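Visitor: Got a structure here, written out as structure tokens. Questions coming.
The values are calculated or read from the model by the stated rules, or taken from the named source; none is laboratory data. As the structure is a computational prediction, the values presented were derived from the model and not from experiment. With ligands, DNA and RNA removed, areas are computed over all heavy atoms of the protein, side chains included. Shrake-Rupley method; radii C 1.70, N 1.55, O 1.52, S 1.80 Å.
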Amino acid sequence: VSKLYVKKDFRERGYAKEALLFLKALAKQEALPSLSLTVNIHNTTAIKAYTALGFIKTGSLVQEIGEGYKMDDHTFELAC
């Protein structure tokens, strides 16, 4: 999963859950073993949501993105 954003006014309506369940079913249909994603270590709301859907933290990833900035993320995986 590259990007999944839900506008603030549309959160807590199950849209992200529906999208991820659809992607999981599609991945299973295509015989893919899992879905993986990254989430910022400070995005506790997303981390709770992904964990509730069965995603498991698999590691951490720090990437330089230029001009002195870096992304500090956790990696998660969901078995299909």
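Visitor: Per residue, how much accessible area does the chain show when a 1.4 Å probe rolls over the protein heavy atoms, in square angstrom? Walk me through the numbers on the way to the answer.
Guide: On the way: 6270 Å² over 80 residues.
Computed with neighbouring chains in place, this is 78 Å² per residue.
Visitor: How much length, in nm to one decimal, is gained on full extension between residue 21 and residue 36, taken as 0.36 nm per residue of separation minus their Cα-Cα distance?
Guide: On the way: separation 15, 0.36 × 15 = 5.40 nm, distance 1.31 nm.
Full-extension gain reported as 4.1 nm.
Visitor: Which of the following values of Cα extents along the principal axes in Å was calculated from the structure shown: (i) 41, 32, 19; (ii) 37, 33, 26; (iii) 34, 25, 19?
Guide: Step by step, Cα extents along the principal axes in Å for this structure corresponds to label (i).
Visitor: Do any of 17/70; 7/70; 3/70 go past 22 Å between their Cα atoms, and which?
Guide: Numbers: 17/70 28 Å; 7/70 24 Å; 3/70 17 Å.
Pairs exceeding the cut-off: 17/70; 7/70.
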